[in-house]
Amino acid sequence: GIIFEEAKRANVILFFDEADALFAKRTEVADSNDRYANSETAYLLQKIEEHDGMTILATNLYHNFDPAFVRRITYVVHIDSPDEATRLRLWKNTLPSKVEFSDDVDFDFLAERFELSGSNIKSVLHTAAYIAGEKDRAITMADIIISLRYELEKLGRIIDSSDFANYGVYLV
């Protein structure tokens with residue numbers, strides 16, 4: 001309750017990222033852990049409902065929200081995944097301009113082939129930057145493809161080397 005009291009006092013907006021993890025569908029009670037998790041969810045639902053200020057919840061998994069919670073949401077704003085042109089801008093501009101890319105990096109290919117969110121693209125680029133930084137060189141297409149494979153695996157997507165066209169050789 002302290003967070004909600006302080007938020008009201010400070011007149012701030014409460015923001016819950018990955019909110020589906022906090023407000024997931026309640027489970028059948030099989031043991032004391034389930035009972036505790038369900039009571040925590042119920043407590044948060046009550047506190048958010050009592051809160052006079054604004055609360056914003058972000059999720060990629062809206063369907064995982066508890067139905068009792070969804071009934072209490074005033075507005076739902078669906079934001080589409082970035083289109084190809086936006087993905088191209090994200091691939092090119094997410095990292096600071098001082099970061100160097102080798103000439104073999106094909107941003108057009110990446111934007112066209114892989115429908116990713118901005119946060120996924122950022123994660124791929126950060127991983128590629130670490131790979132390149134370890135070798136003290138510019139980021140290469142191989143670095144990005146290897147990083148992209150890791151990201152797709154984290155997302156649970158099936159990886160088919162044909163999706164990577166000629167760049168699939170970097171997956172070996």
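No lab work stands behind these numbers, since they all come straight from the coordinates. Note that the structure is predicted; figures quoted are calculated from it, not measured. We place every Cβ from the backbone using ideal geometry, glycine too, and count neighbours over all the protein chains shown.
Whole-Hz Karplus values for the stretch 58-63 come out as 10, 7, 9, 10, 4, 5 Hz, taken residue by residue from phi with 6.51 cos²θ - 1.76 cosθ + 1.60 and θ = phi - 60°; glycine and proline positions read x. Dividing the helix sum by the residues of the chain, where each DSSP H run of 4 or more adds -39500 (n - 2.57), gives a mean residue ellipticity at 222 nm of -14000 deg cm²/dmol. Under the simplified labelling scheme, the Val99-Gln46 pair shows an inter-label distance of 4.5 nm, with each label point 7 Å from Cα along Cα→Cβ. Angle of helix 118-134 to the longest C-alpha principal axis of the chain, folded into 0 to 90 degrees and rounded to 10: 50°.
Amide H contacts of Ile139 (H built 1.01 Å from N, in plane; Pro and chain starts excluded): Glu100, Phe101, Ser102 sit under 5 Å, all sequence-distant by 5 or more or on other chains.
With a Förster radius of 41 Å applied to the beta-carbon distance between Tyr75 and Ala165, the computed FRET efficiency rounds to 0.50. The phi torsions of the stretch 142-150, fed into the Karplus equation with coefficients 6.51, -1.76 and 1.60 and a -60° offset, translate into couplings of 4, 4, 5, 5, 4, 5, 5, 4, 4 Hz, rounded to whole numbers, with Gly and Pro shown as x.
Against the main long axis of the alpha-carbon atoms of the chain, helix 32-50 sits at an angle near 80°.
Between Asn60, Asn11, Asn120, the residue with the greatest mean-square fluctuation in the GNM of the chain (Cα pairs under 10 Å linked by springs) is Asn11. For the stretch 98-172, averaging the sequence separation of C-alpha pairs within contact (under 8 Å, six or more residues apart) and dividing by the residue count gives a relative contact order of 31 percent. When only Cα pairs below 8 angstrom with a gap of at least 6 residues are kept, the chain shows a relative contact order of 17 percent.
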